[in-house]
Amino acid sequence: MKLLDFFREHNDEIIDLLKELVIRESPTMDKHAVDELGKFVFEQLQASGAQVDIFPRREAGDILYASWNSNAPGKPILLMGHLDTVWPIGTLVNMPLWQSGARLYGPGILDMKAGIALIIKVMGLLHLHGGLPRRPVWALFTTDEERGSIQARELVEKVAANAGLVLVFEPATQGEMVKTSRRGTARYTVTIEGLPAHSGEEPEKGINAIHEAAYQILRIISWDAPDKGTSVAVNLISGGTAQNIIAPHAEFTVDMRFTNQPECERLVALINDLTPVIKGIRLSVKGGIWRPPMERNDRMMRTFDQLARLAGTLGVPVGEELTGAGSDANFTAAMGIPTLDGLGARGDGMHAEHEHIITTSLPRRAALLASVLQNWVFEEE
Ligand SMILES: [Zn+2]
């Protein structure tokens, strides 16, 4: 039977599992809740024929690592997802799981419980029906992706280092495209110390930290370069002690986004080079790269082209799109590992009240994953 027909026949199983994932609410900061979902996912992975290991985390949910065919030769394919969502416990009361035609609504359903359901069900069905590739397949489920994967990054990079291909099941774009470019992020806090003085009695004895901040902010926002896909913004600011006192202190954040490594390096060098304008000011810069960019480079293009060919053969043509936000794919792509993202369900309303998936996209995405697993040609092997 053709892959697409096969997964259309099994779509109810994918949807049933997805509903079970959505009713287990899993906000990033609630370790207990994320671990409860993790226990369920652990059992489902075992039932799909995987060997499952747990990597405990104290300040986030425990990370799950599953493997199939671990003794087979060849480079492993790594499937990635995150168990956490942005929705607090109790969201289901006002934003319940409900269906309208092909639209299935619920918190975290698109980002990215549908992707997790796809990974588990496709692997389970291929395991059951003898369709697994003759190479290892790994799956890694992180638990603090919505907060920047601080607790997961090291493990993601360690596992990905041995993989030949990384597939990330973040949602597809609205047009069911995959994501071939994600901007990187750097975050900084600039702290400025001046000297207080009464602004009526003896203003000349003060050193105004807010005035210094104003000079620095004008300098920093001039680094913005929309034509290069770079954006630089100051989004938080504080300072001063009273209306009639020369401000002795000021602090602001800098959020920098970039599509390629040279832009990243340009911005990092500039911010580390900031020097005070006003005499007597002390200025310090703290922060760094949050996520490297996932670049639309030659490797990415070759990887996407192969996916597009496989998709065409299945009869489910796929396009590519850029996105501003980051994911765990940023880490693996920046390591030089062939990476594709946005392989999850089609839908709309990520992090919004109308979050939903289109259920008819699930068999297409399942078939695409199965075809990649069975047919992918590796450049170096
Ligand atoms: Zn996500």
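Things worth noting here:
- Some residue of the stretch 168-175 being among the hydroxyl-bearing types (Ser, Thr, Tyr), in contact (Cβ under 8 Å) with a residue 40 or more places away in the chain, within 15 Å of the ligand (Cβ to nearest atom) and assigned to a loop (DSSP other than H, G, I, E, B): yes
- Residue within the stretch 274-287 that is in the same structural domain as LEU165 (by TED's automatic domain parsing), more than 24 Å from SER231 (Cβ to Cβ) and surrounded by fewer than 12 Cβ atoms within 10 Å (Cβ to Cβ) present: no
- Restricting the stretch 189-211 to residues that are surrounded by fewer than 23 Cβ atoms within 10 Å (Cβ to Cβ) and part of a strand (DSSP E or B), the residue that is nearest to the ligand (Cβ to nearest atom): THR189
- Top-ranked residue of the stretch 92-111 - restricted to ones that are more than 16 Å from the ligand (Cβ to nearest atom) and in a helix (DSSP H, G or I), ranked as farthest from ALA33 (Cα to Cα): ASN94
To keep it simple, each residue is scored yes or no on (1) among the hydrophobic types (A, V, I, L, M, F, W, C); (2) touching a strand residue (DSSP E or B) at 6+ places or on another chain (Cβ under 8 Å); (3) at pLDDT 95 or above; (4) part of a loop (DSSP other than H, G, I, E, B).
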| position | (1), (2), (3), (4) |
| --- | --- |
| ASP35 | no, no, yes, no |
| GLN44 | no, no, yes, no |
| GLY49 | no, yes, yes, yes |
| GLY61 | no, no, yes, yes |
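- Taken over the stretch 112-154, the criterion of being within 16 Å of the ligand (Cβ to nearest atom) and not in a helix (DSSP H, G or I) is satisfied by ALA139, LEU140, PHE141, THR142, THR143, ASP144, GLY148, SER149, ILE150, GLN151, ALA152.
- Test: residue in the stretch 59-80 that is among the charged types (D, E, K, R), within 16 Å of the ligand (Cβ to nearest atom) and either buried (at least 20 other Cβ atoms within 10 Å of the Cβ) or over 22 Å from the mean Cα position of the chain (by Cα) (or both): no
- Contact map, the stretch 342-369: first residue away from the ligand (no atom under 16 Å from the Cβ), second residue acidic (Asp, Glu) and in a loop (DSSP other than H, G, I, E, B), Cβ cut-off under 7 Å, separation 6 or more or different chains; pairs are SER361/GLU176.
- Scanning the stretch 307-321 for residues that are within 16 Å of the ligand (Cβ to nearest atom) and in the same structural domain as ALA366 (by TED's automatic domain parsing) turns up at least one hit.
The values are calculated or read from the model by the stated rules, or taken from the named source; none is laboratory data. Here the structure is a predicted model, which is why all the values come from computation and not from measurement. Counting neighbours? That spans all protein chains shown, and the Cβs are built from the backbone with ideal geometry, glycine included.
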